[in-house]
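Read through the structure below, which is laid out as structure tokens, and then see the notes.
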Amino acid sequence: MNNISYIILACHIDKGMKSFGSKGLLEFQQKKIFDYQIEWIENNHHHNYEIIIVSNFDTVKIQKGMGGIVKVINSDTNPILTGCNESKYDTVVFIDYGCLFNPNILKKFKNLKSNYIITVDDSSLDIGCITTNNKISHIYLDLPDNKFTNMFLLNRISKDEIINNAFYDRANLLYFETLNNLINNGNLIENISIDKKDFLHFKHMDQKNAINKFVKKISHKN
């Protein structure tokens, strides 16, 4: 797991969460969500890697809250494009700031020359994927299977396309729209299906107890 840029996407505000500010700065079990994500990334014992937080709101608060631990970038366009432009390595892993995960999930990215999307069987997630021969063929709202976790890996070819194609330079482009366009342009994206117990997506404060239990369990395991 060498030569990887990890981009934490801290951009979209969930309904009813605006008053709390960036949820990545919220603390559970005495640690910020960002702290957990960074710790879980670092658990993979890399030699060459970087972690960048890309945000389009509360960026100054995030910069202060992280105290220079990682690079924090403000984005006024597609945050995936910003992440690709800011990353120094050819392999780029994107993780939404609501993603809570077992760090062993990242070990499933075995061939770093491929593209991957991580999916889970979780009806609480809004976006699903259609797969053909374990390749993602389409991603959209309300599809019932292979729910999109907002965790994915892009290889050098896909990264270069995003940087060099003006289509991706749009602030209103959603993550799954970016990925669908890559697929439509011939980029193969493989599906990695994970166990529901290894993932939780933080969307609202009603999940507080579940989040506390999850981070406690994962921290104990690792």
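Among the residues that make up the range 134-144, is at least one of them surrounded by 19 or more Cβ atoms within 10 Å (Cβ to Cβ) and either among the small types (Gly, Ala, Ser) or under 21 Å from ASN102 (Cβ atoms) (or both)? Before the answer, list the steps.
Kept after step one, since they are surrounded by 19 or more Cβ atoms within 10 Å (Cβ to Cβ), are these residues of the range 134-144: 136, 139.
Those still in the list that are either among the small types (Gly, Ala, Ser) or under 21 Å from ASN102 (Cβ atoms) (or both) too: none.
Taking every residue of the range 134-144 in turn, none turns out to be surrounded by 19 or more Cβ atoms within 10 Å (Cβ to Cβ) and either among the small types (Gly, Ala, Ser) or under 21 Å from ASN102 (Cβ atoms) (or both).
Listed by first and then second residue, the pairs with beta-carbon distance under 9 Å, at least 6 apart or on different chains, first residue in the range 206-221 and at positive phi, second modelled with pLDDT under 95 and surrounded by fewer than 13 Cβ atoms within 10 Å (Cβ to Cβ), form an empty list.
Criterion applied to THR82, THR149, THR77, THR131 was being assigned to a helix (DSSP H, G or I), of a type in the set (S, T, N, Q) and modelled with pLDDT of 95 or more, and the one residue passing it is THR82. Of the residues in the range 158-165, none is among the hydroxyl-bearing types (Ser, Thr, Tyr) and under 24 Å from ASP122 (Cα atoms). Filtering the range 25-73 to residues that are closer than 18 Å to GLY98 by Cα and part of a strand (DSSP E or B) leaves GLU27, PHE28, LYS31, LYS32, ILE51, ILE52, ILE53, VAL54, SER55, VAL72, ILE73. Could you please find all residues in the range 71-88 being buried (at least 19 other Cβ atoms within 10 Å of the Cβ) and either out of contact with any Ser or Thr (no Cβ under 7 Å at 6 or more places or on another chain) or closer than 17 Å to LYS31 by Cβ (or both)? Matches in the range 71-88: PRO79, LEU81, GLY83, CYS84. Among the residues of the range 110-128, which ones are touching a Ser or Thr at 6+ places or on another chain (Cβ under 8 Å), over 24 Å from HIS204 (Cβ atoms) and outside any loop (DSSP other than H, G, I, E, B)? Result: ASN115, single match. In the range 194-201, the count of residues that are touching a Ser or Thr at 6+ places or on another chain (Cβ under 9 Å), in a loop (DSSP other than H, G, I, E, B) and surrounded by 14 or more Cβ atoms within 10 Å (Cβ to Cβ) is zero.
Counting just the residues of the range 1-32 that are within 13 Å of the chain's Cα centre (by Cα) and either closer than 25 Å to LYS216 by Cα or hydrophobic (A, V, I, L, M, F, W, C) (or both), which one comes out surrounded by the most Cβ atoms within 10 Å (Cβ to Cβ)? Give the steps one after another, and end with the answer.
Here is the first cut: in the range 1-32, the ones within 13 Å of the chain's Cα centre (by Cα) are 5-12, 24.
Okay, now just the ones that are also either closer than 25 Å to LYS216 by Cα or hydrophobic (A, V, I, L, M, F, W, C) (or both), so 6-11, 24.
On the way: TYR6: 26, ILE7: 24, ILE8: 27, LEU9: 25, ALA10: 29, CYS11: 21, GLY24: 25.
Filtering first and then ranking leaves ALA10.
One residue is enough: does the range 158-177 have a residue meeting the conditions part of a strand (DSSP E or B) and buried (at least 16 other Cβ atoms within 10 Å of the Cβ)?
No, the range 158-177 contains no residue that is part of a strand (DSSP E or B) and buried (at least 16 other Cβ atoms within 10 Å of the Cβ).
Here's a check for you: in the range 115-127, which residue that is of a type outside the set (A, V, I, L, M, F, W, C) and within 11 Å of ASN191 (Cβ to Cβ) is surrounded by the fewest Cβ atoms within 10 Å (Cβ to Cβ)? Before you say what the answer is, go through the steps one by one.
Initially, the range 115-127 is screened for residues of a type outside the set (A, V, I, L, M, F, W, C), giving 115-116, 119, 121-124, 126.
The next check asks that each one be within 11 Å of ASN191 (Cβ to Cβ); those that pass are 115-116, 119.
Details: ASN115: 23, TYR116: 21, THR119: 25.
Restricting to residues being of a type outside the set (A, V, I, L, M, F, W, C) and within 11 Å of ASN191 (Cβ to Cβ), the top hit is TYR116.
Give me the pairs, please: first residue somewhere in the range 109-137 and more than 14 Å from TYR175 (Cα to Cα), second residue anywhere and at pLDDT 95 or above and aromatic (Phe, Trp, Tyr), beta-carbon distance under 6 Å, and either six or more positions apart or on two chains. From the range 109-137, the pairs are PHE109/TYR116; VAL120/PHE199. Any chance the range 206-219 includes a residue that's within 28 Å of LYS88 (Cβ to Cβ), buried (at least 18 other Cβ atoms within 10 Å of the Cβ) and not polar (S, T, N, Q)? Checking the range 206-219: not a single residue is within 28 Å of LYS88 (Cβ to Cβ), buried (at least 18 other Cβ atoms within 10 Å of the Cβ) and not polar (S, T, N, Q). Step by step: first the residues of the range 174-222, then only those that are at pLDDT 95 or above and of a type in the set (Ser, Thr, Tyr), then the one that is farthest from the chain's Cα centre (by Cα). Which residue is that? Selected residue: SER193. Among the residues making up the range 85-108, a single one is outside any strand (DSSP E or B) and of a type in the set (Val, Ile, Thr): ILE105.
The values are calculated or read from the model by the stated rules, or taken from the named source; none is laboratory data. Because the structure is predicted, anything quoted here is derived from the model rather than measured. Positions of Cβ are backbone-derived with ideal geometry, glycine not excepted, and every protein chain shown enters the neighbour counts.
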